[in-house]
Amino acid sequence: MSLNKLILNIALKIVDILTFWVKKDKKRITFVSLTQSHLASDFKLIDDLLKKENKYHIHYNLIEFEKNLLGDFKYFLNCLKQLVEYKKSALIIINDNNYVISHCKPQGTKVLQVWHACGAIKKFGNEIKRQYPIRNYDAIICNAKAWKPVYAKSFGVCEEQVHVTGMPRIDLLLDDSLQKKNKEEFYKKYPMCVEKKLCLYAPTFRGNIIDGFKIKSFDFERVESMLSDEYLFLYKFHPLLGDVKVNSSKAINVNEEDLYTLFTVSDCLISDYSSILFDYSLLNKKMIAYVDDIDEYDKTIGLNVDLRKDFCGPICKDEEELANAIKSENKDQRIKSFQKKYMYYTDGKNTTRVIKLIDKLMNDKR
(Lines give C-alpha, C1' and ligand atoms only; values in the text may rest on other atoms or scores of the structure.)
Protein backbone atom coordinates (compact mmCIF):
# COMPACT_ATOMS: atom_id res chain seq x y z
CA MET A 1 0.00 0.00 0.00
CA SER A 2 1.31 3.45 -0.95
CA LEU A 3 1.92 6.14 1.66
CA ASN A 4 -0.87 8.27 0.11
CA LYS A 5 -3.39 5.45 0.49
CA LEU A 6 -2.24 4.78 4.06
CA ILE A 7 -2.76 8.44 5.01
CA LEU A 8 -6.15 8.49 3.27
CA ASN A 9 -7.25 5.32 5.08
CA ILE A 10 -6.30 6.79 8.46
CA ALA A 11 -8.11 10.04 7.62
CA LEU A 12 -11.23 8.14 6.53
CA LYS A 13 -11.21 6.18 9.78
CA ILE A 14 -10.97 9.39 11.81
CA VAL A 15 -13.82 11.02 9.85
CA ASP A 16 -15.92 7.88 10.27
CA ILE A 17 -15.45 8.01 14.05
CA LEU A 18 -16.07 11.76 14.33
CA THR A 19 -19.30 11.53 12.31
CA PHE A 20 -20.84 8.72 14.37
CA TRP A 21 -23.87 10.95 14.91
CA VAL A 22 -24.76 11.25 11.21
CA LYS A 23 -28.12 9.65 10.42
CA LYS A 24 -29.18 8.14 7.12
CA ASP A 25 -31.98 9.80 5.14
CA LYS A 26 -34.00 6.89 3.70
CA LYS A 27 -35.14 9.10 0.80
CA ARG A 28 -31.73 10.55 -0.08
CA ILE A 29 -29.97 9.77 -3.37
CA THR A 30 -26.50 11.20 -4.04
CA PHE A 31 -24.81 11.38 -7.45
CA VAL A 32 -21.01 11.10 -7.22
CA SER A 33 -18.47 11.57 -10.01
CA LEU A 34 -14.75 12.32 -10.30
CA THR A 35 -14.89 12.98 -14.04
CA GLN A 36 -17.60 15.61 -14.39
CA SER A 37 -18.23 18.80 -12.43
CA HIS A 38 -21.82 19.09 -13.64
CA LEU A 39 -24.64 16.74 -14.55
CA ALA A 40 -24.30 15.36 -18.07
CA SER A 41 -25.18 12.32 -20.15
CA ASP A 42 -26.65 9.41 -18.15
CA PHE A 43 -26.54 11.34 -14.87
CA LYS A 44 -28.55 14.23 -16.26
CA LEU A 45 -31.21 12.01 -17.82
CA ILE A 46 -31.63 10.02 -14.61
CA ASP A 47 -31.66 13.19 -12.50
CA ASP A 48 -34.27 14.87 -14.73
CA LEU A 49 -36.65 11.93 -14.46
CA LEU A 50 -36.11 11.53 -10.72
CA LYS A 51 -36.91 15.20 -10.22
CA LYS A 52 -39.99 14.86 -12.37
CA GLU A 53 -41.27 12.02 -10.20
CA ASN A 54 -40.31 13.99 -7.06
CA LYS A 55 -40.08 11.01 -4.70
CA TYR A 56 -36.54 11.40 -3.39
CA HIS A 57 -34.13 13.95 -1.93
CA ILE A 58 -31.41 14.45 -4.57
CA HIS A 59 -27.87 15.55 -3.74
CA TYR A 60 -24.60 15.80 -5.69
CA ASN A 61 -20.85 15.44 -5.25
CA LEU A 62 -19.41 16.18 -8.68
CA ILE A 63 -15.80 17.13 -9.36
CA GLU A 64 -13.44 16.84 -12.31
CA PHE A 65 -10.22 15.29 -11.08
CA GLU A 66 -7.01 17.02 -12.15
CA LYS A 67 -3.73 15.11 -12.05
CA ASN A 68 -1.48 17.60 -10.28
CA LEU A 69 -0.48 18.43 -6.70
CA LEU A 70 -3.52 20.64 -6.09
CA GLY A 71 -5.79 18.10 -7.79
CA ASP A 72 -4.45 15.32 -5.55
CA PHE A 73 -5.15 17.43 -2.46
CA LYS A 74 -8.68 18.25 -3.64
CA TYR A 75 -9.26 14.55 -4.30
CA PHE A 76 -8.09 13.71 -0.76
CA LEU A 77 -10.50 16.23 0.77
CA ASN A 78 -13.31 15.08 -1.47
CA CYS A 79 -12.84 11.47 -0.36
CA LEU A 80 -13.47 12.58 3.22
CA LYS A 81 -16.53 14.51 2.10
CA GLN A 82 -17.74 11.46 0.15
CA LEU A 83 -17.73 9.31 3.27
CA VAL A 84 -20.05 11.74 5.07
CA GLU A 85 -22.30 11.92 2.00
CA TYR A 86 -22.49 8.12 1.90
CA LYS A 87 -23.45 7.88 5.57
CA LYS A 88 -26.33 10.29 4.92
CA SER A 89 -27.59 8.58 1.75
CA ALA A 90 -29.75 5.55 1.09
CA LEU A 91 -28.42 5.24 -2.48
CA ILE A 92 -25.23 6.39 -4.16
CA ILE A 93 -25.14 6.61 -7.97
CA ILE A 94 -21.63 6.61 -9.48
CA ASN A 95 -20.26 6.55 -13.04
CA ASP A 96 -16.65 5.60 -12.37
CA ASN A 97 -14.86 3.44 -9.82
CA ASN A 98 -14.76 4.78 -6.30
CA TYR A 99 -12.08 4.17 -3.67
CA VAL A 100 -14.16 5.23 -0.66
CA ILE A 101 -17.01 2.85 -1.53
CA SER A 102 -14.61 -0.03 -2.16
CA HIS A 103 -12.71 0.66 1.06
CA CYS A 104 -15.29 1.75 3.64
CA LYS A 105 -18.87 1.71 2.39
CA PRO A 106 -21.28 2.60 5.24
CA GLN A 107 -23.70 -0.09 6.38
CA GLY A 108 -27.16 0.23 4.87
CA THR A 109 -26.07 2.41 1.94
CA LYS A 110 -26.66 0.96 -1.53
CA VAL A 111 -24.54 1.73 -4.59
CA LEU A 112 -25.65 1.81 -8.23
CA GLN A 113 -22.88 1.83 -10.81
CA VAL A 114 -23.90 3.67 -13.99
CA TRP A 115 -20.69 2.93 -15.85
CA HIS A 116 -19.63 5.66 -18.28
CA ALA A 117 -19.39 3.31 -21.27
CA CYS A 118 -21.76 1.17 -23.30
CA GLY A 119 -19.53 -1.88 -23.00
CA ALA A 120 -15.91 -2.91 -22.60
CA ILE A 121 -13.80 -4.10 -25.50
CA LYS A 122 -10.70 -3.95 -23.32
CA LYS A 123 -10.42 -5.58 -19.92
CA PHE A 124 -10.90 -3.20 -17.00
CA GLY A 125 -11.69 -3.03 -13.31
CA ASN A 126 -10.85 -6.20 -11.40
CA GLU A 127 -9.88 -7.91 -14.67
CA ILE A 128 -6.59 -6.02 -14.70
CA LYS A 129 -3.86 -5.03 -12.26
CA ARG A 130 -5.00 -1.97 -10.32
CA GLN A 131 -4.24 0.03 -7.19
CA TYR A 132 -7.20 -1.33 -5.21
CA PRO A 133 -9.89 -4.02 -5.68
CA ILE A 134 -13.34 -2.85 -6.74
CA ARG A 135 -16.09 -4.05 -4.42
CA ASN A 136 -19.23 -3.14 -2.46
CA TYR A 137 -21.47 -2.31 -5.42
CA ASP A 138 -25.10 -3.41 -5.19
CA ALA A 139 -26.22 -3.00 -8.80
CA ILE A 140 -24.67 -2.34 -12.21
CA ILE A 141 -26.54 -1.40 -15.38
CA CYS A 142 -25.53 -2.62 -18.82
CA ASN A 143 -26.78 -2.84 -22.41
CA ALA A 144 -27.10 -6.58 -23.07
CA LYS A 145 -26.80 -10.03 -21.51
CA ALA A 146 -23.40 -10.40 -23.15
CA TRP A 147 -22.03 -7.91 -20.60
CA LYS A 148 -23.28 -9.65 -17.46
CA PRO A 149 -20.28 -12.00 -16.93
CA VAL A 150 -17.78 -9.29 -17.93
CA TYR A 151 -19.26 -6.67 -15.58
CA ALA A 152 -19.68 -9.17 -12.75
CA LYS A 153 -15.97 -9.95 -12.85
CA SER A 154 -14.84 -6.37 -13.43
CA PHE A 155 -16.92 -4.89 -10.60
CA GLY A 156 -16.71 -7.77 -8.13
CA VAL A 157 -20.42 -8.66 -8.08
CA CYS A 158 -22.67 -11.61 -8.96
CA GLU A 159 -24.23 -11.72 -12.43
CA GLU A 160 -27.66 -11.27 -10.80
CA GLN A 161 -26.53 -7.81 -9.71
CA VAL A 162 -25.89 -6.76 -13.32
CA HIS A 163 -29.13 -5.44 -14.81
CA VAL A 164 -29.87 -5.14 -18.53
CA THR A 165 -31.63 -1.77 -18.71
CA GLY A 166 -29.70 -0.09 -21.51
CA MET A 167 -27.77 3.12 -20.92
CA PRO A 168 -29.99 6.22 -20.60
CA ARG A 169 -27.98 8.29 -23.07
CA ILE A 170 -28.85 5.88 -25.88
CA ASP A 171 -32.34 7.37 -25.69
CA LEU A 172 -30.80 10.63 -26.95
CA LEU A 173 -28.88 8.96 -29.77
CA LEU A 174 -32.09 7.37 -31.03
CA ASP A 175 -34.07 10.62 -30.84
CA ASP A 176 -34.19 11.53 -34.54
CA SER A 177 -35.63 15.03 -34.07
CA LEU A 178 -32.97 15.93 -31.49
CA GLN A 179 -30.12 14.63 -33.64
CA LYS A 180 -31.46 16.42 -36.71
CA LYS A 181 -31.44 19.69 -34.76
CA ASN A 182 -27.93 19.04 -33.46
CA LYS A 183 -26.72 18.24 -36.96
CA GLU A 184 -28.05 21.54 -38.32
CA GLU A 185 -26.37 23.47 -35.51
CA PHE A 186 -23.09 21.65 -36.11
CA TYR A 187 -22.99 22.64 -39.79
CA LYS A 188 -23.69 26.26 -38.88
CA LYS A 189 -20.69 26.20 -36.56
CA TYR A 190 -18.48 24.25 -38.98
CA PRO A 191 -19.52 25.30 -42.51
CA MET A 192 -16.28 23.83 -43.89
CA CYS A 193 -17.75 20.38 -43.16
CA VAL A 194 -20.75 20.79 -45.46
CA GLU A 195 -20.69 18.33 -48.38
CA LYS A 196 -17.55 16.67 -47.03
CA LYS A 197 -17.13 13.02 -46.13
CA LEU A 198 -16.46 13.28 -42.41
CA CYS A 199 -14.29 10.68 -40.67
CA LEU A 200 -14.57 10.84 -36.89
CA TYR A 201 -11.50 9.64 -34.98
CA ALA A 202 -12.19 8.91 -31.33
CA PRO A 203 -9.78 6.44 -29.66
CA THR A 204 -9.84 5.11 -26.12
CA PHE A 205 -7.62 6.59 -23.43
CA ARG A 206 -4.48 4.84 -22.24
CA GLY A 207 -3.65 4.88 -18.52
CA ASN A 208 -6.03 5.79 -15.70
CA ILE A 209 -7.36 8.72 -13.70
CA ILE A 210 -4.71 8.34 -10.98
CA ASP A 211 -1.58 7.73 -13.07
CA GLY A 212 -2.65 9.96 -15.94
CA PHE A 213 -3.84 9.46 -19.53
CA LYS A 214 -1.98 8.92 -22.78
CA ILE A 215 -2.84 9.14 -26.47
CA LYS A 216 -1.78 6.81 -29.27
CA SER A 217 -2.66 7.91 -32.77
CA PHE A 218 -1.92 7.33 -36.44
CA ASP A 219 -0.07 9.74 -38.75
CA PHE A 220 -2.84 12.04 -39.96
CA GLU A 221 -0.77 13.72 -42.68
CA ARG A 222 0.21 10.40 -44.19
CA VAL A 223 -3.38 9.16 -44.33
CA GLU A 224 -4.59 12.48 -45.73
CA SER A 225 -2.00 12.28 -48.51
CA MET A 226 -3.72 9.09 -49.73
CA LEU A 227 -7.23 10.61 -49.69
CA SER A 228 -8.97 13.12 -51.94
CA ASP A 229 -10.05 16.55 -50.72
CA GLU A 230 -13.63 15.34 -50.26
CA TYR A 231 -12.55 13.71 -46.97
CA LEU A 232 -12.19 15.61 -43.72
CA PHE A 233 -11.13 14.36 -40.29
CA LEU A 234 -12.78 15.24 -37.00
CA TYR A 235 -10.94 14.13 -33.86
CA LYS A 236 -12.17 13.83 -30.32
CA PHE A 237 -10.05 12.46 -27.48
CA HIS A 238 -10.87 11.76 -23.85
CA PRO A 239 -12.28 14.86 -22.03
CA LEU A 240 -9.15 15.04 -19.88
CA LEU A 241 -7.02 15.18 -23.04
CA GLY A 242 -8.86 17.98 -24.80
CA ASP A 243 -5.70 20.02 -25.42
CA VAL A 244 -3.98 17.32 -27.48
CA LYS A 245 -3.34 18.31 -31.11
CA VAL A 246 -2.63 16.02 -34.07
CA ASN A 247 -0.11 16.45 -36.91
CA SER A 248 -2.53 17.93 -39.42
CA SER A 249 -3.65 21.38 -40.48
CA LYS A 250 -6.82 19.93 -42.02
CA ALA A 251 -8.18 17.77 -39.19
CA ILE A 252 -10.60 19.59 -36.89
CA ASN A 253 -10.39 19.39 -33.11
CA VAL A 254 -13.95 18.73 -31.91
CA ASN A 255 -13.13 17.80 -28.32
CA GLU A 256 -15.67 20.34 -27.06
CA GLU A 257 -18.51 18.98 -29.18
CA ASP A 258 -21.16 16.49 -28.14
CA LEU A 259 -20.12 12.96 -29.09
CA TYR A 260 -23.54 11.92 -30.35
CA THR A 261 -23.77 15.00 -32.57
CA LEU A 262 -20.44 13.95 -34.06
CA PHE A 263 -21.85 10.47 -34.60
CA THR A 264 -24.77 11.97 -36.47
CA VAL A 265 -22.73 14.14 -38.85
CA SER A 266 -19.93 11.64 -39.52
CA ASP A 267 -19.84 9.17 -42.39
CA CYS A 268 -17.60 6.71 -40.57
CA LEU A 269 -16.02 6.17 -37.17
CA ILE A 270 -12.37 5.29 -36.62
CA SER A 271 -11.52 4.01 -33.15
CA ASP A 272 -9.50 1.32 -31.43
CA TYR A 273 -10.58 -0.30 -28.15
CA SER A 274 -13.16 2.32 -27.23
CA SER A 275 -16.68 1.31 -26.22
CA ILE A 276 -18.13 3.98 -28.50
CA LEU A 277 -18.05 1.37 -31.25
CA PHE A 278 -21.14 -0.11 -29.59
CA ASP A 279 -23.03 3.20 -29.54
CA TYR A 280 -22.10 3.90 -33.14
CA SER A 281 -23.30 0.49 -34.32
CA LEU A 282 -26.88 1.67 -33.70
CA LEU A 283 -26.54 4.11 -36.60
CA ASN A 284 -25.68 1.37 -39.12
CA LYS A 285 -22.70 3.31 -40.49
CA LYS A 286 -19.20 2.18 -41.39
CA MET A 287 -16.81 1.57 -38.50
CA ILE A 288 -13.05 1.08 -38.72
CA ALA A 289 -10.73 -0.26 -36.03
CA TYR A 290 -7.22 1.20 -36.16
CA VAL A 291 -5.30 -1.18 -33.90
CA ASP A 292 -1.66 -1.39 -34.91
CA ASP A 293 -0.83 -2.78 -31.45
CA ILE A 294 -3.66 -5.30 -31.09
CA ASP A 295 -1.49 -8.35 -30.42
CA GLU A 296 0.58 -6.56 -27.78
CA TYR A 297 -2.51 -4.92 -26.30
CA ASP A 298 -4.29 -8.28 -26.02
CA LYS A 299 -1.31 -9.70 -24.11
CA THR A 300 -0.71 -6.75 -21.77
CA ILE A 301 -4.22 -5.33 -21.16
CA GLY A 302 -6.47 -8.02 -22.57
CA LEU A 303 -9.69 -7.96 -24.60
CA ASN A 304 -13.24 -8.84 -23.61
CA VAL A 305 -14.28 -8.61 -27.25
CA ASP A 306 -11.85 -10.08 -29.77
CA LEU A 307 -12.04 -7.50 -32.56
CA ARG A 308 -10.24 -9.88 -34.90
CA LYS A 309 -13.23 -12.24 -34.78
CA ASP A 310 -16.24 -10.18 -33.72
CA PHE A 311 -15.81 -6.66 -35.09
CA CYS A 312 -18.07 -5.62 -37.95
CA GLY A 313 -15.61 -3.56 -39.99
CA PRO A 314 -12.05 -3.34 -41.30
CA ILE A 315 -9.18 -4.04 -38.90
CA CYS A 316 -6.27 -1.74 -39.82
CA LYS A 317 -2.69 -1.88 -38.57
CA ASP A 318 -1.05 0.85 -40.64
CA GLU A 319 -1.91 4.10 -42.42
CA GLU A 320 -2.20 2.54 -45.89
CA GLU A 321 -4.75 0.00 -44.69
CA LEU A 322 -6.63 2.78 -42.93
CA ALA A 323 -6.75 4.98 -46.05
CA ASN A 324 -8.01 2.08 -48.16
CA ALA A 325 -10.68 1.25 -45.58
CA ILE A 326 -11.87 4.87 -45.55
CA LYS A 327 -12.13 4.96 -49.35
CA SER A 328 -13.97 1.65 -49.57
CA GLU A 329 -17.71 1.93 -50.13
CA ASN A 330 -18.35 -1.53 -48.70
CA LYS A 331 -20.24 -1.69 -45.42
CA ASP A 332 -19.91 -4.77 -43.23
CA GLN A 333 -23.19 -6.68 -43.17
CA ARG A 334 -22.52 -7.90 -39.61
CA ILE A 335 -23.35 -4.54 -38.05
CA LYS A 336 -26.91 -5.57 -37.17
CA SER A 337 -25.85 -8.79 -35.44
CA PHE A 338 -23.05 -6.91 -33.63
CA GLN A 339 -25.57 -4.35 -32.42
CA LYS A 340 -28.12 -6.93 -31.25
CA LYS A 341 -25.48 -8.84 -29.30
CA TYR A 342 -24.06 -5.85 -27.44
CA MET A 343 -26.84 -3.19 -27.54
CA TYR A 344 -30.12 -4.98 -26.90
CA TYR A 345 -32.61 -2.16 -26.25
CA THR A 346 -33.44 0.33 -29.01
CA ASP A 347 -36.90 1.44 -27.84
CA GLY A 348 -35.90 4.78 -26.28
CA LYS A 349 -36.98 3.67 -22.78
CA ASN A 350 -33.62 2.99 -21.15
CA THR A 351 -33.92 5.88 -18.68
CA THR A 352 -37.32 4.64 -17.55
CA ARG A 353 -35.93 1.15 -16.91
CA VAL A 354 -33.10 2.62 -14.81
CA ILE A 355 -35.59 4.61 -12.72
CA LYS A 356 -37.54 1.41 -12.05
CA LEU A 357 -34.31 -0.22 -10.86
CA ILE A 358 -33.63 2.77 -8.59
CA ASP A 359 -37.13 2.47 -7.12
CA LYS A 360 -36.46 -1.20 -6.44
CA LEU A 361 -33.15 -0.46 -4.71
CA MET A 362 -34.71 2.32 -2.61
CA ASN A 363 -37.57 0.08 -1.50
CA ASP A 364 -35.39 -2.94 -0.74
CA LYS A 365 -34.93 -2.98 3.04
CA ARG A 366 -32.01 -5.40 3.01
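Suppose the chain between Lys356 and Asp96 were pulled fully straight at 0.36 nm per residue; how much longer would it get relative to their current alpha carbon spacing? Let's see the in-between values first.
On the way: separation 260, 0.36 × 260 = 93.60 nm, distance 2.13 nm.
Between Lys356 and Asp96, full extension yields 91.5 nm more.
Take the residue pairs Lys74/Lys129; Lys123/Lys360; Lys52/Lys153 and return only those whose Cα atoms are more than 32 Å apart. Write out the running numbers ahead of the final one.
Working: Lys74/Lys129 25 Å; Lys123/Lys360 30 Å; Lys52/Lys153 35 Å.
Checking Cα-Cα distances, Lys52/Lys153 exceed 32 Å.
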Long-range amide H partners of His163, meaning residues 5 or more apart or on another chain whose placed amide H is closer than 5 Å, are Ile140, Ile141, Cys142
Per residue, accessible area of the chain with a 1.4 Å probe, heavy atoms of protein chains only, in Å², comes to 49 Å²
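Please compute the length gained on full extension between Glu320 and Gln333, using 0.36 nm multiplied by the number of residues separating them and subtracting their Cα-Cα distance.
Stretched out fully, the Glu320 to Gln333 stretch lengthens by 2.4 nm.
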With all protein chains present, the stretch 1-92 has a carbon and sulfur share of its accessible area (1.4 Å probe) in percent of 63 percent
For the stretch 1-137, the dipole about the Cα centre with charges only on Cβ (Lys and Arg +1, Asp and Glu -1), to the nearest 20 debye, works out at 460 debye
Lys44 neighbourhood, Cβ < 13 Å, K/R = +1, D/E = -1, net charge -2
Extension length gain for Phe76 and Ile17 (0.36 nm per residue less Cα distance), in nm, is 19.5 nm
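Under the rule a/c < 1.5 gives rounded, and otherwise a/b versus b/c splits prolate from oblate, where does the stretch 1-113 land using the Cα gyration tensor? Intermediate values should be presented prior to the final figure.
Numbers: a/c = 2.40, a/b = 1.32, b/c = 1.82.
Since a/c reaches 1.5 but b/c is at least a/b, the shape of the stretch 1-113 is classed as oblate.
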Under 20 Å by backbone N from the virtual spin label 7 Å along Cα-to-Cβ at Lys51, the residues of the stretch 352-366 are 352-356, 358-359
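Could you work out [θ]222 nm for the chain from helices alone, using -39500 (n - 2.57) per DSSP H run of at least four and dividing by all its residues? Round to the nearest 500 deg cm²/dmol.
On the way: 15 runs with 142 residues, N = 366.
Estimated from H runs of four or more residues: -11000 deg cm²/dmol.
Longer than 32 Å from Cα to Cα, which of Lys87/Lys299; Lys27/Lys122; Lys189/Lys356; Lys67/Lys87; Lys180/Lys356; Lys250/Lys299 are they? Say none if no pair is.
Details: Lys87/Lys299 41 Å; Lys27/Lys122 37 Å; Lys189/Lys356 39 Å; Lys67/Lys87 27 Å; Lys180/Lys356 30 Å; Lys250/Lys299 35 Å.
Pairs exceeding 32 Å: Lys87/Lys299; Lys27/Lys122; Lys189/Lys356; Lys250/Lys299.
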Once both label points are put 7 Å beyond Cα along the C-beta direction, the Arg222-Ile128 separation in nm becomes 2.5 nm
Taking the dipole of the chain about the Cα centre (Lys, Arg +1; Asp, Glu -1; charges at Cβ), the one of Trp21, Asn61, Ala139 that reaches farthest to the positive side is Trp21
Whole-percent carbon and sulfur contribution to the accessible surface of the stretch 230-317 (1.4 Å, no ligands, DNA or RNA) stands at 47 percent
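The values are calculated or read from the model by the stated rules, or taken from the named source; none is laboratory data. Bear in mind that the values here come from a model prediction, so they are computed numbers and not experimental data. Cβ: placed from backbone, ideal geometry, glycine included. Neighbour counts: every protein chain shown. Keep in mind that these areas ignore ligands, DNA and RNA; they rest on the heavy atoms of the full protein, side chains included. Shrake-Rupley method; radii C 1.70, N 1.55, O 1.52, S 1.80 Å.
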